[in-house]
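Input: a single structure, listed below in structure tokens.
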């Protein structure tokens, strides 16, 4: 039996719609959106704090990052700034998914480099659509 070669780290597996990093301190949020996106053909990585989100983004090279603003160790705005300051991750679009509705935090996140802003609660289909828009593919 021939072994399949592992896909290169800089491209999604054959049949994958892309790699998504979900960064949220809520395990439930990550499970909900992670299971949905996985079932829809995306590869999903998860981080539960800002520091881990940055390390995972560098290692996993996601196509899109979905990040909460309120997280331990490093909040979402600071994490976005660090991601955008790092040549290895600066080109990755970032979607903010947070419970902070119409606050100055939204402006801070956009100023830091976020490409889009969604508020919780949010339907998984909305995240999928936005990811598809950012990747230039139909969701």
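What to note about this one:
- All positions within segment 116-133 that are surrounded by 18 or more Cβ atoms within 10 Å (Cβ to Cβ) and touching a residue at least 40 places away in the same chain (Cβ under 8 Å): 127, 128, 131
- Segment 10-39, subset over 15 Å from residue 66 (Cα atoms) and surrounded by fewer than 17 Cβ atoms within 10 Å (Cβ to Cβ), residue modelled with the highest pLDDT: 39
- Considering only residues in segment 90-105 that are in a loop (DSSP other than H, G, I, E, B) and touching a residue at least 24 places away in the same chain (Cβ under 8 Å), the one that is surrounded by the most Cβ atoms within 10 Å (Cβ to Cβ) turns out to be 92.
- Restricting attention to segment 58-89, the residues that are within 18 Å of residue 46 (Cβ to Cβ), part of a loop (DSSP other than H, G, I, E, B) and free of Cβ contacts under 8 Å to residues at least 40 places away in the same chain add up to 4.
- For segment 87-107, the criterion of a residue being out of contact with any helix residue (DSSP H, G or I) (no Cβ under 6 Å at 6 or more places or on another chain), at pLDDT 95 or above and more than 20 Å from residue 133 (Cβ to Cβ) is satisfied by at least one position.
- Of all the criteria given as (1) farther than 20 Å from residue 134 by Cβ; (2) assigned to a loop (DSSP other than H, G, I, E, B), the one not satisfied by residue 35 is (2).
- Filter pass, residue 113 being at pLDDT 90 or above, crowded, with 16+ Cβ neighbours inside 10 Å and at positive phi: yes
- Candidate set: segment 108-138, residues that are assigned to a loop (DSSP other than H, G, I, E, B) and out of contact with any helix residue (DSSP H, G or I) (no Cβ under 7 Å at 6 or more places or on another chain); chosen: the one nearest to residue 43 (Cα to Cα): 137
The values are calculated or read from the model by the stated rules, or taken from the named source; none is laboratory data. All of these numbers come straight from a predicted model, not from anything done at the bench. Counting neighbours? That spans all protein chains shown, and the Cβs are built from the backbone with ideal geometry, glycine included.
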